[in-house]
Amino acid sequence: MATIGQTSPHAQRLRRDSTDAENRLWRHLRNRNLGGFKFRRQVTIGEYVADFACVECRVVVEADGGHHSEERDAARTNRLSALGWRVIRFWNTEILRQTEGVLAAILTACHERQKAEPSPYPLPLAGEGK
């Protein structure tokens with residue numbers, strides 16, 4: 001099982017240079033805005049930097065623009081899947097034009113993963129440890 005790696009300088013640059021689609025999606029995913037799930041952006045997983053990841057349900061969300069290669073993306077998806085992550089991909093235009101549908105698909109993926117396989121790293125309950 002791959003662990004979340006230390007943030008790479010490449011990830012920091014990707015955060016700074018986010019696309020409009022990534023920025024829009026991040027506004028909806030951050031601060032547990034989507035179903036209470038905690039997402040991170042530009043997350044180092046194995047040798048890759050995923051656009052967004054929910055560690056709790058092991059879902060990676062990728063925002064694909066025109067510079068993506070089907071072959072490289074398939075290899076990346078296969079590798080992340082082998083490490084135990086569910087990868088879902090959306091084109092930037094899809095994120096910008098059909099935001100609600102994209103969010104619904106992400107939420108469904110998180111719920112499905114949560115039911116099928118509870119995280120080995122559950123988040124603490126509010127107030128736990130006080």
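Every number in this text was worked out from the coordinates using simple rules, so none of it is lab data. Here the structure is a predicted model, which is why all the values come from computation and not from measurement. Virtual Cβ from ideal backbone geometry, glycine too; neighbours counted across all protein chains shown.
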- line: Per-residue Cβ contact counts at 10 Å, fewest first, order Glu71, Glu56 as Glu71, Glu56
message: What three numbers, in Å, describe the spread of the alpha carbons of the stretch 55-118 along their principal axes, ordered from the longest?
response: 35, 28, 13
field: Residue-by-residue Karplus 3J(HN,Hα) for the stretch 41-51, coefficients 6.51, -1.76, 1.60, Hz, glycine and proline x
entry: 10, 6, 9, 7, 10, x, 8, 10, 10, 7, 4
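Which whole number in µm²/s is D for the stretch 9-116 by Stokes-Einstein, with the Kirkwood Rh taken over Cα pairs at 37 °C and 0.692 mPa s?
236
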query: For Thr19 and Ala75 in one chain, what is 0.36 nm times their gap in residues minus the Cα-Cα distance, to one decimal in nm?
result: 17.9 nm
